[in-house]
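Read through the structure below, which is laid out as structure tokens, and then see the notes.
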């Protein structure tokens, strides 16, 4: 009986060691804990799909993550805080936009580097931003056309009298 308990304890210890090794491997390869780097900030009119942990990419390569998203209560812009790898320097005239990997893919931030020789210092702001695009709105406009009216009610009457367009022109009797 004693021998049987020892075998079970040994197998349990091996299973726990393998599980711990797997967790260490997964933690290190997914960069889950690596928020080391310098911080930047960007303000977007629309940041749909951007949350803490969203990838920040430069030419398709992950160079950072979103470390926080807040709302500016005065301008109603989305304030997005970024953590960029220390070995990646971003030119100060760079642009950043919200994009997705496919039509149904998750959103990420894409940095288009500028040509300036000056780099953004830690804590600074990327000023050239483009928010997310409303895909459903674009599809709706493509299908139904752009009517120029957002409510579908048509243009407002030209005068204060709502029946003005129903009256015959002045000087017209309607008879030949």
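Residues are listed down the side, and each one gets a yes or a no for (1) over 20 Å from the mean Cα position of the chain (by Cα); (2) assigned to a strand (DSSP E or B):
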position: 16; (1), (2): yes, no
position: 20; (1), (2): yes, no
position: 24; (1), (2): yes, no
position: 43; (1), (2): no, yes
position: 64; (1), (2): no, yes
position: 67; (1), (2): no, yes
position: 105; (1), (2): no, no
position: 108; (1), (2): no, yes
position: 115; (1), (2): yes, no
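Figure legend. Inter-residue proximity from segment 126-152: first residues modelled with pLDDT under 85, second residues outside any loop (DSSP other than H, G, I, E, B), beta-carbon distance below 7 Å, spacing 6+ or different chains. Indicated pairs: 131/44; 131/98; 132/98; 132/107.
Out of all the residues in segment 35-43, is one or more closer than 15 Å to residue 132 by Cβ, modelled with pLDDT under 90 and either touching a strand residue (DSSP E or B) at 6+ places or on another chain (Cβ under 8 Å) or not assigned by TED's automatic domain parsing to the domain that holds residue 132 (or both)? There is no residue in segment 35-43 that is closer than 15 Å to residue 132 by Cβ, modelled with pLDDT under 90 and either touching a strand residue (DSSP E or B) at 6+ places or on another chain (Cβ under 8 Å) or not assigned by TED's automatic domain parsing to the domain that holds residue 132 (or both).
Filtering 57, 85, 81 for residues that are under 27 Å from residue 139 (Cβ atoms) and touching a residue at least 40 places away in the same chain (Cβ under 8 Å) leaves a single hit, 57. Screening 69, 88, 56 for residues that are crowded, with 18+ Cβ neighbours inside 10 Å and assigned by TED's automatic domain parsing to the domain that holds residue 130 leaves exactly one candidate, 56.
The values are calculated or read from the model by the stated rules, or taken from the named source; none is laboratory data. Everything quoted here is computed from the prediction, not taken from an experiment. Here the Cβ is made from the backbone with ideal geometry for all residues, glycine too, and neighbour counts use every protein chain on show.
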